[in-house]
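**Q** Submitted below is the structure of interest, expressed as structure tokens.
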Amino acid sequence: MADNRDDFIIAIRYALLKKGAKQKFSLFFLISFSVLIITLDKISVPFIQSTRAVLNDFVYEVSTIVSLPGKFVSYLNQEKKNHFKIVSTNKNLKEEIEMLKRNRYNSIFLQTENNSLREALTLITANKTDSPIVANTILDQQSPYLKSIIIDKGTNQGIIKGMTVFSKNYLIGVVVESNYLTARVLLITDLNSKIPVVIADSGVNAILAGTGEKTELALEFLPNEFILEPNKIIYTSGRDGFLKAGLPVAETYLNKKNKLFIRSLADPQQAAIIHVIKGQSKQ
């Protein structure tokens, strides 16, 4: 009888070890286990409730930990967007600041120019011959440090030595030689150019010297304790008794390396058409 029972058990085990039987047994086991869990939950056995609470806490904690990488990636994406937004806003603010600075300088220049034009109108009213003479640049004489231009008007048009020359309302030089049909203008960038000037908002006087470069003019004879600041307009002071005071000449600025330089307000090398002003030099 025992042998028959053992044979029966062996037969059942052999049947269950087959692949198909394994799958059926697993499915049967899961269904039975699920039914058992549901039944125990309905019965509200205290042990099951405690176990379920522990399992719920475990699942919630695991879910929280698993969600952390996703939250971190989302945080990084948001921070990246905020960074680019701040960079864009900073760029726009810098452009607005530069625009406001340019408007301020233009306002200062227009005020000075208005005063100069008022005085010029007074001179024109007193002497109608004292009007601007339009001339063309016919030759650009320059070397690394010597800068001058030749214009197509001379004494035949009333141009004499000492007259001031403008391009786009900015002082670019002085007539240093006048012939019958032509004249030579010494540019403010020339190494020999020395102009008495005054720095805006400070009242400090100095000499603006040419160096051969329009973006690297020099200020000489500044007071030792004076600190030159960027974005300052430089005007003629009239101290030499030759040039009229209040003519805008140059401005201070910071280059890309944050170093202070002085540049001409006009571009003498690009002055194809210039205005020679009578009555601008002090006689």
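Bear in mind that the values in this text are calculations on the coordinates, not laboratory data. Since we're looking at a predicted model, the values are computed, not measured. Cβ atoms come from the backbone with ideal geometry, glycine included; neighbour counts cover every protein chain shown.
**Q** Placing unit charges on C-beta atoms (Lys and Arg positive, Asp and Glu negative, everything else neutral), compute the dipole magnitude of the range 196-246 about its Cα centre in debye, rounded to 20. Walk me through the numbers before you get to the answer.
**A** Details: 4 positive and 7 negative charges, 47 e Å.
Value, rounded to 20: 220 debye.
**Q** Right, something else. Once the other residues with Cβ under 14 Å from the Cβ of L254 are scored (Lys, Arg +1; Asp, Glu -1), what is the net sum?
**A** Working: positive: K94, K101, K232, K256, K257, K259, R263; negative: E98, E216, E229, E251.
Around L254, the surrounding residues sum to +3.
**Q** Ok, one more. Points 7 angstrom from Cα along the Cβ direction at N231 and V66: gap in nanometres?
**A** It works out to 5.7 nm between the two label points.
**Q** What FRET efficiency comes out for the pair I138/N92, r = Cβ-Cβ distance, R0 = 45 Å, nearest 0.05?
**A** Details: r = 45 Å, r/R0 = 1.01.
Using R0 = 45 Å, I get an efficiency of 0.50.
**Q** Over the range 177-242, what is the relative contact order in whole percent, taking alpha-carbon pairs under 8 Å and six or more residues apart? Provide the component values of the computation, followed by the final result.
**A** Values: 97 pairs, mean separation 19.9, N = 66.
Averaging sequence separation for qualifying contacts and normalising by length gives 30 percent for the range 177-242.
**Q** So, one more: How high is the relative contact order of the range 132-277? Use alpha-carbon pairs under 8 Å, at least six apart in sequence, and give a whole percent.
**A** Values: 373 pairs, mean separation 36.3, N = 146.
Relative contact order comes out at 25 percent.
**Q** Scan around I159 for amide H atoms under 5 Å from its own, H built in the peptide plane at 1.01 Å from N, and keep only partners 5 or more places away or cross-chain.
**A** The answer is G154.
**Q** Okay, moving on. For S193, what residues show an amide H to amide H distance below 5 Å, using hydrogens built from the backbone and excluding near sequence neighbours?
**A** The list, which skips near neighbours in sequence, is G210.
**Q** Which of the residue pairs K94/K259; K71/K94; K153/K259 have a Cα-Cα distance greater than 29 Å in the structure shown? Write out the running numbers ahead of the final one.
**A** Numbers: K94/K259 18 Å; K71/K94 34 Å; K153/K259 40 Å.
Checking Cα-Cα distances, K71/K94; K153/K259 exceed 29 Å.
**Q** What order, most packed first, do the peptides 154-162, 180-188 have when packing is the mean number of other Cβ atoms within 10 Å of each residue?
**A** Working: 154-162: 15.4, 180-188: 20.8.
Answer by packing, highest mean first, reads 180-188, 154-162.
**Q** Ranked from highest to lowest mean number of other Cβ atoms within 10 Å per residue, what is the order of the peptides 235-244, 215-224? All intermediate terms of the calculation are to be shown ahead of the outcome.
**A** Values: 235-244: 17.7, 215-224: 13.1.
Per-residue mean Cβ counts within 10 Å order the peptides as 235-244, 215-224.
**Q** Taking K and R as +1 and D and E as -1, what net charge do the other residues with C-beta under 13 Å from the C-beta of L93 add up to? All intermediate terms of the calculation are to be shown ahead of the outcome.
**A** Values: positive: K85, K91, K94, K101; negative: E95, E96, E98.
Result for the neighbourhood of L93: +1.
**Q** Which entries in the list K81/K257; K80/K232; K81/K214 go over 31 Å, if you measure between the two C-alpha atoms of each? All intermediate terms of the calculation are to be shown ahead of the outcome.
**A** Details: K81/K257 29 Å; K80/K232 39 Å; K81/K214 42 Å.
Over 31 Å apart, Cα to Cα: K80/K232; K81/K214.
**Q** On to the next question. What does the charge add up to near V176, with Lys and Arg as +1, Asp and Glu as -1, over the other residues with Cβ less than 11 Å from its Cβ? Write down the numbers at each step before the final one.
**A** Details: positive: K161, R184; negative: E177, D190.
Combined, the nearby Lys, Arg, Asp and Glu give 0.
**Q** Can you work out the Karplus-derived ³J(HN,Hα) for every residue in the range 218-233? Use 6.51 cos²θ - 1.76 cosθ + 1.60 with θ = phi - 60°, whole Hz, and x for glycine or proline.
**A** Rounded to whole hertz, the list is 10, 10, 10, 6, 6, x, 4, 7, 7, 10, 6, 10, x, 6, 10, 7.
**Q** I've got another one for you. Hey, got the Cα dimensions of the range 132-277 along the principal axes, in Å, largest first?
**A** On the principal axes, the range 132-277 reaches 49, 31, 23 Å in Cα extent.
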